[in-house]
Amino acid sequence: MNISRKWLEAFLRQPLDTHDLTERLAMLGAPVDSVERSHAALSGLVVGLVKDTQPHPDADRLSLCTVFDGQDDYQVVCGAPNVEAGKSYPFARVGTVMPGGFTIEKRKIRGLTSYGMLCSAKELELGEDAGGIMELATDADPGTGFLEAMALDDECLEIDVTPNRPDLLGHKGVARELAAGYGIQFRLPAIEGDYPSVPAPVRADGAEGTTGGVRVAIEDPEGCSRFLGAVIRGLTVGPSPEWLRSRLEAVGTRSINNIVDATNYVLMELGQPLHAYDLTSLHGPAVIARRGVAGETVLTLDGTERTVDGDMTVIADEDGAIGIGGVMGGETTEVRNSTRDIFLECASFQPSRIRRTRSTLGLSTDASFRFERGVDRWAAPDALRRCLEIILATAGGTLDGDPVDVWPEPTNPPRIFLRPARVRQVLGEEIPWEALEQYLVAIGATVVSKPDDGRMAVDVPGWRPDLREEIDLVEEVARMHGYQNFSSELRPFRVGSLPDATSDVAARAVRRGLSAEGLYEVVTMPMHRGEGAESVPLLNPLSAEEAFLRRRLIPGLVREVERNWAQGVRDIRLFEVGTVFRMAGPGERPEEEIHVAGLISGRRHPRHWTDGGHSGDCDQWDVAALFRRAVALANPAATVQVEGGSWVAVSAAGSVVGRTERIDADAPPWAAPVYGFEVVLDPAERQSQRYRALPETPGSTRDVSLVLHQDATAEAVETAIRATRGTRLESVEVLSEFRGGDLPAGSRSVAFRLTFRDPERTLRDAEVDKAFRRILQAVQQQVGVAPRAVDGGAAEE
Amino acid sequence: MPTTRHDVVQQLQARLAGVDSMDEAALEREHVHVLGRKAGLLTAALKSISQLPIEERRTFGAELNQLRQRFESAFEARRRTLSQAVRSQEDDVDLTMPARTTWSGGIHPVTRVIDEIVEIFHRLGFAVAVGPEAETEWLNFGALNFPPDHPAMDMHDTLYLDVGGDPPEGERMLLRTHTSPVQIRTLQASPPPVRVVIPGTCYRNDTFDASHAPAFSQIEGLAVDEGITFVDLKATLIHFAHEFFSPDTKVRFRPSFFPFTEPSAEMDIGCLLCGGSGCRACKGSGWMEILGCGMVHPNVLKSCDVDPERYTGFAFGMGPHRITMLRYGIPDIRMLFEGDMRFLSHFGE
Ligand SMILES: [Zn+2]
């Protein structure tokens, strides 16, 4: 909402400091988003007094002026016929930037130097008069800012009005708040010009009445509860007077003609939208608020033919719909320059119907914006009279009969009961009865009585549709008391009864663990292209690229790898912890899981000079380790197994809950291969580790190289080793793998180190040797794998 | 092979004396000769103990074990000396050369801000609660006192999901526009006293630009108990601002509007950039909006079957992305959704 400081000053009848105003509005709940100086382009101009004027010696039409700016005299060459000594004019000195953007410079004109310029209204974009320089009717001292001297020094404040406060969508409402805040009175500014007094609207019986020969009817009382109208005949459509133009221009509304400007003025002042009809174009003449008929069309003021439906309120005459109630009038009945007679509408429309209408039509207007938030229907008669007065003052004409007020089901604003104890319960401070009453009166409420039950009966003002229940009054009390005036002392509290969510605890542990592995966390957008029928589609996606929710994290991470490549970055180590979605049954809530995924590409270690620059690139064994780490952190009950060409994590229930992947990406030639993994986060609470006594006895190791043929796996060997009972085996390690040499094709030799230990005593060599032999036999029997070389001599026996 | 135990011990002791002067190759040969598993002198002697009379085993065994330890430490000491000798010959190193490093990794700046916020509220007795990102209209709006067809909905440009079926009004699925549905879920699941903070991803139908993201994180807080007032709200959030920003941070509360709280407020802090004198970042006001808050609306408590006459509460919500941008001076929110390694590694661990 655009607010003019000068307009507010007219209400409050005192000068306002913009900075202070900004602070106050913020503290009342309507923060100022921006402040724009009106005519900011003219801020460099000053009032210049012409002390003396002489004809230019070499040019008939030019004069040579001595201009005083309060400090110095300047020689100015002027081409205007009307310059006179002793008068003041807008003066642009050397260096002043003009509205067109050009800078005034010292200039030689017909041999004489001119130090500045005296300006016409057109040059200042203040009017069309280019004929002469603008004579200033001011007694301001020379050197005074031109805007200040001409009272053009207004500011437009863009205030951020929350949707519950339609009353702040007009200057009166803002002035009312400020008056309450400053503790002063406010009053409607006077209308300039002469006009007869306008009688109060006359209430019609039922849903229909007449004024000035026009039938006014409400046939859709749900959509339009109150409809006021008046007829003015014999007026003259023309440009608005200066005061009206400048008020509108100060809030960014273009002046159109005195009729439209009058309605816009009342809109900006009182927040009541009005509409003027060209009376001769009205069939009947009648103005009827009724439901639209499906398929019916209206040609709106913006020249668009719009199709209405039965949920919309249209304004119709005897022939058909001529406007969309509360949204936009129609072109056929528009006020034209030739219009002499008008019908003026001032009505109240139902907020949610207006909201649906403007949303269906895709047509949001100043009127619909206010009606969907709620316009004070009890103030409609005053708004109509105000508008009529302005029209009569600026366009002439006479009112034809009393204005009519059709209001079939009159209501009153609600009465709410406020308990002072409730105020204390919510706000935490005792606010005395007198203060409560004072605060509520300040916002325009009427405190009706002080009944015995301790409650305060409060009639809320019509312009506050947001005040519906007791808590709404509690907020008003807090606001008027000033949020800053409440204590902020930290008091004892009871801790909550809930523990931390286990999934969040687990996710945090995963993040710590994976960043300790040298991976950086990323957060990517969860909207992707679809991946099969299980992807959840959006009804109103931002784009086709973002039309589905992600099923997994890796595709998003791959894009980030590509982004790094595009920047020439080769070493990439990323992970993400995020939600993924899967379709459930029709109409059902999608399934959600937290996934953990990572991608690595590039060097295994940062470059170091001792490597000669050659540290190897990450390969599948690096991702295998990261995967195991991620599984241990994210899904500790799962086991890692080999499946196909990669590793998978399998839950206790047997389902795959994670896997590694070699990623095919759009890689530049210098890029290293990309490996990735993705694991489902198990939100279950983690079991804490139990203490295990550390061994105090020495361990004994035996190494063996086993020749593994094509089908034999290290895992099978290890399983067989571990399955041999009674060996006191503690651990199995793979030391190395060797292929080629004298080994048969397809075979390899894998060296294992076995560590034996008895926690109670030192094992004897013979015991260890015996256990080692039994293990080797078992491996040979179960896996068909024979030793190639053994440390410990056991194999020779 | 020595014949008597005494010979064995004497011979071994003699060899032990020689270890100190051996070169690398001799040292390794001697190791095998004495301690080798198959044919080492000491190994063989130890094996022979089992053939001795029982009373001699212990003393001789102890003697041999002691010798073995002395050999092992002598070998180890000689090896160390030899390797140091090698190094001291290479002492001509340039210690200004770069050290050997490992990949460091790091938690995302936004996550770290969230963790820090959570930590502050942990100390104030709040626990972490979470909830689903796909929600029903009812939990996202209705239960939170959003009137249907009200302009308050304009503050929440919503992304709806197409999950098929024909859900009735209110049961349509959407991507939550705030983490507030978790307030409802929490209150419905557990009776007061409730003190939770709710971090999570939220969604809006916003074009991705320098200051808007269609998905962003939010962290909310909720405290419901008997006797909680606006004073507690102010005190708790001022405490938070002082902990998170700095103890001398200026804080102000000003009226605002959220359907699910009343009275509602915005909390501003003194501008982090200009310190309150006014700059572009604070639009000249000297203040920066940090969070929205208010007393839980009685209708919200009612929709969770909590008696609003007995219990009161406060709630607040803030945007970690914005706070992260303020804290680190990041100019564009999109950078926080990119995995640029150079950007991420700026922030260190
Ligand atoms: Zn600032």
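Odds and ends about this structure:
- The simple Förster model, with R0 at 56 Å and r as the Cβ-Cβ distance, assigns residue A:628 and residue B:328 a FRET efficiency of 0.95.
- The lysine pair count for chain B, using Cα distances under 25 Å and pairs eight or more places apart or on different chains, is 5.
- Near-label residues of the range B:139-164 by backbone N, under 18 Å of a point 7 Å along Cα→Cβ of residue A:222: B:148-150
- With a 1.4 angstrom probe, the accessible area lost at the B-A interface totals about 8900 Å².
- Solvent-accessible surface, computed for protein heavy atoms with a probe of 1.4 Å, shrinks by 20 Å² or more for the following residues of the range A:1-36 when the other protein chains are added to the isolated chain: A:23, A:26, A:27, A:29, A:31, A:33.
- Note on residue B:302 and residue B:101: their simple-model spin labels are 6.1 nm apart, each label 7 Å out from Cα toward Cβ.
- Here r is the Cβ-Cβ distance between residue A:667 and residue A:642 and R0 is 30 Å; the resulting FRET efficiency, rounded to 0.05, is 0.70.
- Among the residues of the range A:499-535, those with an accessible-area drop of 50 Å² or more from chain alone to full protein complex, heavy atoms and 1.4 Å probe, are A:500, A:508, A:515, A:520, A:521, A:523, A:525.
- Rh (Kirkwood; distinct C-alpha pairs) - the range A:581-631, Å: 14.3 Å
- Dipole moment magnitude, nearest 20 debye, the protein assembly as shown about Cα centre, only Lys, Arg, Asp, Glu C-beta charged: 4300 debye
- Averaged over its residues, chain A has an accessible area of 46 Å² per residue, based on protein heavy atoms and a 1.4 Å probe.
- Fully extended contour minus Cα-Cα distance, from residue A:448 to residue A:378, at 0.36 nm per residue: 23.4 nm
- Listed by chain and number, the lysines whose alpha-carbon sits under 25 Å from that of residue A:87, ignoring those within fewer than 8 places in the same chain, are A:51, A:106, A:108, A:122.
- Solvent-accessible area, 1.4 Å probe, carbon plus sulfur percent, for the range B:5-91: 49 percent
- Taking all protein chains into account, the per residue accessible area for chain B stands at 45 Å² (1.4 Å probe).
- The range A:486-557, Rg to Rh (Cα coordinates; Rh as Kirkwood inverse mean 1/r): 1.21
- Taken over the C-alpha atoms, the range A:202-406 has Rg and Dmax values of 15.4, 45 angstrom.
- At least 30 Å² of accessible area lost relative to the chain alone, listed for the range B:281-299 with a 1.4 Å probe: B:283, B:298
- Backbone N atoms of the range A:294-319 closer than 17 Å to the 7 Å Cα→Cβ label point of residue A:363 belong to residues A:294-317.
- FRET efficiency for residue B:29 and residue A:761, using Cβ-Cβ distance with R0 set to 30 Å, rounded to 0.05: 0.35
- Remark: spin-label model distance residue B:206-residue A:236 equals 5.4 nm, labels positioned 7 Å along the Cα→Cβ axis.
- For the range B:109-347, the relative contact order is 21 percent, taking Cα pairs closer than 8 Å that sit 6 or more residues apart in sequence and dividing their mean separation by the residue count.
- As a ratio to 2.2 N^0.38 Å, the alpha-carbon radius of gyration computed for the protein assembly as shown takes the value 1.34.
- Protein heavy-atom surface of chain A, 1.4 angstrom probe: 47% of the accessible area is carbon and sulfur, with nucleic acids and ligands not counted.
- B:70, A:692, A:226, reordered so the largest accessible area comes first (probe 1.4 Å): A:692, B:70, A:226
- Rg(Cα) / (2.2 N^0.38 Å) computed for the range A:1-46, rounded to two decimals: 1.27
- For the range B:214-278, the share of accessible area belonging to carbon and sulfur comes to 52 percent (1.4 Å probe, ligands and nucleic acids excluded).
- Structure-based [θ]222 nm, the protein assembly as shown - -39500 (n - 2.57) summed over DSSP H runs of at least 4, per residue, nearest 500: -9000 deg cm²/dmol
The values are calculated or read from the model by the stated rules, or taken from the named source; none is laboratory data. Quantities reported herein were computed from a predicted structural model and do not represent experimental measurements. Every residue, glycine among them, receives a Cβ derived from its backbone with ideal geometry; neighbour counts consider all protein chains shown. Heavy atoms of the whole protein, side chains included, go into the accessibility calculation; ligands, DNA and RNA do not. Shrake-Rupley method; radii C 1.70, N 1.55, O 1.52, S 1.80 Å.
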